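Since the structure comes first, as structure tokens, the remarks are kept for the end.
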Amino acid sequence: MLWLGCGIGVAANAQEVEVTSVKFTNLRAPMGSIGNWLEADIAINVRPPAGSAGQMVSRVRVTLLIGFELPAPAGGERRIEHYRADAECVALEAGRADVRFYLPPELVKRDQLHGDPKYWGIELAVAGKPVPAARLAYSATLPGVEQRKNFQTRGGQLAAANDGILLPQYLT
């Protein structure tokens with residue numbers, strides 16, 4: 001898998017890329033670091049169209065939006081904190097591709113983040129064109145299309161306050 005902020009590619013259709021699974025895991029930081037990172041591992045099935053260069057799909061953008069319900073402070077109410085990041089893959093080979101995002105150890109510790117966020121959604125685009133999302137691209141807490149749209153709109157607005165905290169793998 002190759003990564004870059006932008007690239008040149010061919011037009012795509014909705015069947016070229018599809019989210020097949022999403023897994024959230026707390027990972028121990030590398031040697032010399034303290035704490036655990038929260039990893040989001042997004043598995044994507046890649047099916048290049050017949051005759052595509054090198055049997056690859058070019059310019060695949062993966063956007064992850066997550067909403068964690070945080071523990072209530074003493075005498076306070078629970079709140080949901082949103083984070084968003086995207087990664088653009090210059091080219092993905094046919095088969096399974098994994099795209100990973102990370103929240104840093106300081107945040108994981110401060111907000112006591114463990115396991116899956118309450119809400120999450122993934123948007124895909126190929127060559128700048130949005131790909132319709134499959135059901136596996138959203139958490140079970142967002143069962144309906146309207147709920148998913150509302151989460152993407154409202155959660156996306158709230159995530160702006162945390163821009164730069166959730167990172168694609170190539171920026172960690």
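The values are calculated or read from the model by the stated rules, or taken from the named source; none is laboratory data. Quantities reported herein were computed from a predicted structural model and do not represent experimental measurements. Every residue, glycine as well, gets a Cβ built from its backbone with ideal geometry; the counts of neighbours run over all protein chains shown. Side chains included, ligands, DNA and RNA excluded: accessible areas come from the protein's heavy atoms. Shrake-Rupley method; radii C 1.70, N 1.55, O 1.52, S 1.80 Å.
If you roll a 1.4 angstrom probe over the protein chains with everything in place, what fraction of the accessible area of the stretch 23-65 belongs to carbon and sulfur, to the nearest %?
Solvent-exposed carbon and sulfur of the stretch 23-65 make up 56 percent of the total.
For the chain, report the convex hull volume of the alpha-carbon atoms normalised per residue, in Å³, without decimals.
118
What FRET efficiency do you get for residue 149 and residue 26 if R0 is 41 Å and r is their Cβ-Cβ distance, rounded to the nearest 0.05?
Approximately 0.85, to the nearest 0.05.
Charges on Cβ only, +1 for Lys and Arg, -1 for Asp and Glu, centred on the Cα centroid of the stretch 31-172; of 48, 121, 139, which one is farthest towards the dipole's positive end?
The residue sitting most towards the positive pole is 48.
Peptides 125-134, 47-56, 112-121: what's the order by average Cβ count within 10 Å, highest mean first?
112-121, 125-134, 47-56
How big is the charge dipole of the chain about its Cα centre, in debye rounded to the nearest 20, if each Lys and Arg gets +1 on its Cβ and each Asp and Glu gets -1 on its Cβ?
160
Could you calculate the contour length gain from residue 50 to residue 127, that is, 0.36 nm times the residue separation minus the distance between their Cα atoms, to one decimal place in nm?
26.1 nm
Return one whole number: the accessible area per residue of the chain in Å², for a 1.4 Å probe.
54
Excluding residue 130 itself, calculate the net charge of residues whose Cβ lies under 15 Å from the Cβ of residue 130, where each Lys or Arg counts +1 and each Asp or Glu counts -1.
0
Normalised by the residues of the stretch 114-155, what does the relative contact order come to in percent, with Cα pairs under 8 Å and at least six apart?
Contact order relative to length: 36 percent.
Dipole of the stretch 88-172, Cα-centred, from +1 at each Lys and Arg C-beta and -1 at each Asp and Glu C-beta, to the nearest 20 debye?
It works out to roughly 240 debye.
What residue among 105, 22, 166 has its Cα farthest toward the positive end of the dipole of the chain, where the charges are +1 on Lys, Arg and -1 on Asp, Glu, each on the Cβ?
Sorting the options by dipole projection puts first 22.
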